Amino acid sequence: MVKKIKIAPSLLAADFSDLKNEIKKAEDGGAEWLHLDVMDGAFVPNISFGPCVISVLRPKTEMFFDVHLMIEEPVRYLEDYKKAGADGITVHFEACDDVEATLKAVKDLGLKAGLALKPKTPVSVIAPYIELCDMVLIMTVEPGFGGQKLIEETVVKIGEVASLAKEKGVELEIEADGGIGAANAGKLIAQGLTVAVAGSAVFKSADVKAAVESIRDARV
């Protein structure tokens, strides 16, 4: 039996002039998580939003707040995002001076801890930390901007994470972010994907519920 895939619409693709209703559409459409991309203009060449925006949105929905910190040394700001309403915080392997300490700090706050990898970073680097992870996020585009096309070479990394987790006896969410829609989600699901981050495919759709289901039900 195929495990039900969670859908995590990326807020970056939403209409920022009407976020309350945009989030309601996603939740009513069946999305379980809301993916919140935080960018600092240093780790990635873009700036998005911070804890102030997240804290305002938190009372508007029961969705899991999946906070993706694309910032240098995120350990400095973990408590701010906890207070803002994060349920899980994902940090980048490439952005942490001490990956282990950062993941432990997330878990010490009572949050789900995730570790993200850029497209060119090999899955092997997470082996020493996988037992501290509740989630592993594979970037299927270069982080920093929405609306990019999925990089085909990243698809196999989902399977590599699944194999490593099985080898280590670890149960975790395997998430992918970037260029995902109904046309390509199936091959990610076949590799072991459990959480699909989709921005434009959900928020730009005329029928959000249909868009969510088409991604969730996609098969090769």
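The values are calculated or read from the model by the stated rules, or taken from the named source; none is laboratory data. Computed from a predicted structure; not experimentally measured. Please note: Cβ atoms are built from the backbone with ideal geometry, for glycine as well, and neighbour counts cover all protein chains shown. Accessible surface is based on the protein model in full, side chains and every heavy atom, while ligands, DNA and RNA are left aside. Shrake-Rupley method; radii C 1.70, N 1.55, O 1.52, S 1.80 Å.
For the pair Ser124 and Asn46 in one chain, pulling the backbone fully straight at 0.36 nm per residue adds 25.3 nm over the alpha carbon distance. Here is the P(r) of the stretch 24-121: all C-alpha pair distances, binned every 5 Å from 0, give 3, 13, 25, 25, 18, 11, 5, 1 in whole percents. Which entries of Lys112/Lys168; Lys20/Lys204; Lys6/Lys204; Lys120/Lys187; Lys6/Lys112; Lys20/Lys149 show an alpha-carbon separation above 23 angstrom in the structure shown? Among Lys112/Lys168; Lys20/Lys204; Lys6/Lys204; Lys120/Lys187; Lys6/Lys112; Lys20/Lys149, the Cα-Cα distance tops 23 Å for Lys20/Lys149.
Quick check: net charge around Ile158, other residues with Cβ under 11 Å of its Cβ, Lys/Arg +1 and Asp/Glu -1? Don't skip to the answer; put the middle values down first.
Details: positive: Lys157, Lys187; negative: Glu160, Glu175.
Once positives and negatives cancel, what remains is 0.
Charged side chains reduced to their Cβ positions (Lys and Arg at +1, Asp and Glu at -1) give the chain a dipole of some 540 debye around its Cα centre.
Take the Cα pairs of the stretch 102-220, get the Kirkwood Rh, then feed it into Stokes-Einstein at 10 °C and 1.306 mPa s and tell me D in µm²/s.
Values: Rh = 14.7 Å.
This corresponds to a translational diffusion coefficient of 108 µm²/s.
Ligands, DNA and RNA excluded, the heavy atoms of Lys104 present near 90 Å² of accessible surface to a 1.4 Å solvent probe.
Please give the calculated 222 nm ellipticity per residue for the chain, where each DSSP H segment of at least 4 residues contributes -39500 (n - 2.57) and the sum is spread over every residue; nearest 500 deg cm²/dmol? If you can, show how the numbers build up before the last one.
Details: 8 runs with 68 residues, N = 220.
It comes out at -8500 deg cm²/dmol, rounded to the nearest 500.
Altogether, the Stokes-Einstein calculation at 10 °C and 1.306 mPa s, with the Kirkwood radius of the chain over Cα pairs as Rh, returns a diffusion coefficient of 93 µm²/s.
What is the extension gain from Lys20 to Asp97, computed as 0.36 nm multiplied by their sequence separation minus the C-alpha to C-alpha distance, in nm to one decimal? Write down the numbers at each step before the final one.
Details: separation 77, 0.36 × 77 = 27.72 nm, distance 3.60 nm.
Gain on stretching Lys20 to Asp97: 24.1 nm.
On average, how much area does the Cα convex hull of the stretch 108-172 cover when viewed from any direction, in nm²?
5.0
Computed from the C-beta positions of Val56 and Asp87, the FRET efficiency with R₀ = 25 Å rounds to 0.95.
Sequence gap at least 6, Cα distance under 8 Å: using those rules, report the relative contact order of the stretch 73-208 to the nearest whole percent.
Details: 220 pairs, mean separation 25.3, N = 136.
Relative CO of the stretch 73-208 lands at 19 percent.
Cα centroid separation, the stretch 200-220 to the stretch 53-78: 24 Å.
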